[in-house]
Amino acid sequence: MGAAPVIRQVCYGLAHVPDLVRYGSKPSREIWRDPGLEPRIAASLRDWESARGYPPNRVFLGTLTPQALGAIPRPWFETPADAPADEAPGFGEIADQELFYALLHRADVLEPPLLELTPGGAARLHARWREHRLFGARPLPPVEAGAGWRAGEEALPILSKGALLGRFHRDERAEGRDDENLAARPLLESLCAKASGALALAGLLDREGLDPAEIDFVISCGEEACGDRYQRGGGGMAKAIGELCGCARASGMDVKNFCAAPANALVVAGALVQAGLYRHVAVVGGGSLAKLGMKVLAFLEHGLPILEDCLASMAVLVTSDDGESPVLRLEPGAVGMAPIGASTSDEAVYRSLLLEPLQALGLRVTDVDRFAPELHNPEIMEFAGSGDVAYKNYRNIAAMAVLAGQVERSEMERFVSRIAMPGFAPTQGHIPSAVAYLGHAVRALRRGEARRILFLAKASLFLNRITDLYDGVSFLLEANPRA
């Protein structure tokens, strides 16, 4: 067995894509029912500066702390876009729409291409691409000037501020023409996950100063399904993202577990490193196009800007112990899990994910400095009637500590106040489930601001319609004792 695994580097990405909101699952279904909804959605979209300055986005990208977010009066979307950040540098970047379209074009490897650009659109995207410090040196696929439009009634218009830049097609090869899984919309979802994942992985490699050839293995933990009629969720996203980022010597695989997939992927990555199989494992999660605009009707009803307009992505580098980075505790019993035989009550969930793994490590709830559960942005969730998910999770953690006799009932509210942080993660499913805090956690543990941070991720397996089970995983991240 090798040395203990550590989280060496974390990077997040946001792609602000307001003109793709119409292709989110909820908006597209509602527009189909009521075509008059599309102009109302278009009128409620934010510009890039507003998305960049939005306080929860700044927390996600690391230029604002969760504690500072809690001190900003709500509604957060009314905070001036040029409000200063309290920390720099952050954990990644927010790409504007045309840069993301260029990355989408670069990620498209099919012939004929899925993304067909107009000559004017190609010129705009090529210019934006060349300006980027990470991607500018890599060539974009050429576009033949004056090329005519290909036939295809199902092609999706690709717009930017009202201008038509291109169209997105289905797989037009013979084997793809009658396969609903290879229609334009599911393929756009898959390519968006690939491109946004590459935004995070390229940033990770740059932040670490690591040659892409040094990545040994890539694990994708997004929620997309990639495959044709015979293997709808076959996968391949990990190697596709690695290919786009130049990780030519790496292999990879996809890990699926709904919202808990990133936490599971990190445990798998740590186990592979600890076993001595690989030195550098990258865990990558691309964004979910289907989840853009999920709460669109609530936003329109309240006269709000549409806040679900960004594809969120993450990349994490797991290596063997370097004597500095936070340690991923993988001793027997240290990884919390929700067994098949457990009930679906909150008490059973938190007993499995909170009390039992800490007990295996000889720890109490009060020995943990911070907790990272589901950290959904409450400004999005509350307007849609879902309440403050993060705060509910912190109350459940405190209640379990009381039931276990580790916190006095009279001290419960004070304990909640000590451990709680406001939610800030974009509603992208897998991204809010604990791992949105990983960058802040690594920073705090390196600085000595915390000693132990517990991540609790839950997964709704019943969404697959073949079981009514839930799932979850938890892991402890600890300051390196040799730092």
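The values are calculated or read from the model by the stated rules, or taken from the named source; none is laboratory data. All of these numbers come straight from a predicted model, not from anything done at the bench. Cβ atoms come from the backbone with ideal geometry, glycine included; neighbour counts cover every protein chain shown. Surface accessibility is based on the protein's heavy atoms, side chains included, excluding ligands, DNA and RNA. Shrake-Rupley method; radii C 1.70, N 1.55, O 1.52, S 1.80 Å.
Between Tyr278, Tyr230, the distinction of being without any contact (Cβ under 8 Å) to a residue 40 or more places away in the chain and either part of a loop (DSSP other than H, G, I, E, B) or more than 27 Å from Gly24 (Cβ to Cβ) (or both) belongs to Tyr230 only.
Could you list, in sequence order, all residues of the stretch 377-411 that are assigned to a loop (DSSP other than H, G, I, E, B) and touching an Asp or Glu at 6+ places or on another chain (Cβ under 8 Å)? Within the stretch 377-411, Asp388 is the sole residue that qualifies. Return only the number of the condition from (1) farther than 22 Å from Arg8 by Cα; (2) open to solvent by less than 10 Å² (accessible area, probe 1.4 Å) that Pro426 does not satisfy. It is condition (2) that Pro426 fails.
Scan the stretch 324-336 for residues that are out of contact with any strand residue (DSSP E or B) (no Cβ under 6 Å at 6 or more places or on another chain) and either open to solvent by 10 Å² or more (accessible area, probe 1.4 Å) or assigned to a strand (DSSP E or B) (or both) and the total you get is 5.
Per the listing Met314, Met337, the residue uniquely under 19 Å from the mean Cα position of the chain (by Cα) and touching a residue at least 40 places away in the same chain (Cβ under 8 Å) is Met314. Listed conditions (1) open to solvent by less than 60 Å² (accessible area, probe 1.4 Å); (2) assigned to a helix (DSSP H, G or I) are all met by Gln359, apart from (1). For the stretch 174-218, filtered to residues that are without any contact (Cβ under 8 Å) to a residue 12 or more places away in the chain and part of a loop (DSSP other than H, G, I, E, B), the residue that is surrounded by the fewest Cβ atoms within 10 Å (Cβ to Cβ) is Gly209.
Of all residues in the stretch 343-392, those that are touching a Gly at 6+ places or on another chain (Cβ under 6 Å) and free of Cβ contacts under 8 Å to residues at least 12 places away in the same chain total 0.
With respect to being modelled with pLDDT of 95 or more and within 30 Å of Gly242 (Cα to Cα), Glu356 falls outside the description.
Within the stretch 136-172, the set of residues being modelled with pLDDT of 85 or more, among the hydrophobic types (A, V, I, L, M, F, W, C) and either open to solvent by 40 Å² or more (accessible area, probe 1.4 Å) or over 26 Å from the mean Cα position of the chain (by Cα) (or both) comprises Ala155, Ala163, Leu164, Leu165.
On the stretch given as the stretch 7-44, residues that are under 25 Å from Gly285 (Cα atoms) and part of a loop (DSSP other than H, G, I, E, B) total 2.
For the stretch 305-319, a residue qualifies if it is out of contact with any His (no Cβ under 9 Å at 6 or more places or on another chain) and farther than 26 Å from Leu99 by Cα, but none of them does.
Residue under question is Leu297, and the condition is that it be open to solvent by 30 Å² or more (accessible area, probe 1.4 Å), touching a residue at least 60 places away in the same chain (Cβ under 8 Å) and either in contact with a Lys or Arg (Cβ under 8 Å, 6 or more places away or on another chain) or on the phi > 0 side of the Ramachandran plot (or both); does it hold? Against the criterion (open to solvent by 30 Å² or more (accessible area, probe 1.4 Å), touching a residue at least 60 places away in the same chain (Cβ under 8 Å) and either in contact with a Lys or Arg (Cβ under 8 Å, 6 or more places away or on another chain) or on the phi > 0 side of the Ramachandran plot (or both)), Leu297 qualifies.
Residues in the stretch 437-463 that are modelled with pLDDT under 95 and either open to solvent by less than 60 Å² (accessible area, probe 1.4 Å) or under 20 Å from Ser320 (Cα atoms) (or both) were compared, and the one that is farthest from the chain's Cα centre (by Cα) is Leu461.
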